[in-house]
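Taking it in order: structure first as structure tokens, then the write-up.
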Amino acid sequence: MFRTAASSIGRRGFTTVKGDPAKAQAFKKHLDDVYHHSKGTTALWKKISYFVALPAIALTAVNTYFVEAEHAEHRAHNRHLSDEEWPKAYPYQNVRRVDFFWGDGDKTLFWNPDVNRHVKE
């Protein structure tokens, strides 16, 4: 019984369905409509990308350049400050429970001596 059922599962019947030309034409028209709609939508988004997104990115880049140039001037000024002129160190800053195993044990991997200070009192 199992062998008979298993052999009939994989077998295709010889039934055929006659094609309906009206449905085929309707389906082809639907595919053509989708194709033309996608061409229009693609053209719209290309225009949005070129005329909106790229100028916005360019304006943001110009603004970022001026902000970072001002920041670089400020960092260059702070680089020359002595430890007394540097802002006060609070007890919650630079807390070290265990020394780092590299360098002198006090500086993190991202320590920048021009920006970071650790004034021991």
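Since every read-out is calculated from the coordinates, none of them should be taken as a lab result. The shown structure was predicted, so the numbers you read here are calculated from the model rather than taken from an experiment. A quick note on method: Cβ atoms are made from the backbone with ideal geometry, for glycine too, and the neighbour counts reach across all protein chains shown.
Numbers at a glance
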item: In sequence order, calculated HN-Hα J values of region 81-96 (Karplus, 6.51, -1.76, 1.60; Hz; x Gly/Pro); result: 6, 7, 5, 6, 7, 5, x, 4, 8, 9, x, 8, 8, 6, 6, 10
item: Correct option for P(r) over Cα pairs in 5 Å bins from 0, in percent [calculated from the coordinates] among (i) 2, 7, 8, 8, 7, 6, 6, 5, 6, 5, 5, 5, 5, 5, 6, 7, 5, 3, 1, 0; (ii) 2, 12, 23, 25, 22, 12, 3, 0; (iii) 2, 11, 19, 19, 16, 13, 10, 6, 3, 1, 0; result: (i)
item: Restricting region 20-121 to chymotrypsin sites (Phe, Trp or Tyr not before Pro) in coil, as DSSP defines it, with at most 11 other Cβ within 10 Å; result: Y92, F101, W102, F110
item: Filtered GluC sites (Glu not before Pro), region 1-103: DSSP coil and at most 11 other beta carbons within 10 Å; result: E84, E85
item: Debye log10 I(q)/I(0) for region 22-79, one point scatterer per Cα, at q = 0.13, 0.18, 0.26, 0.29 Å⁻¹; result: -0.59, -0.75, -0.95, -1.01
item: Cross-link reach list, aspartates and glutamates versus K23, counting only Cα pairs under 18 Å and skipping chain neighbours closer than eight places; result: D32, D33
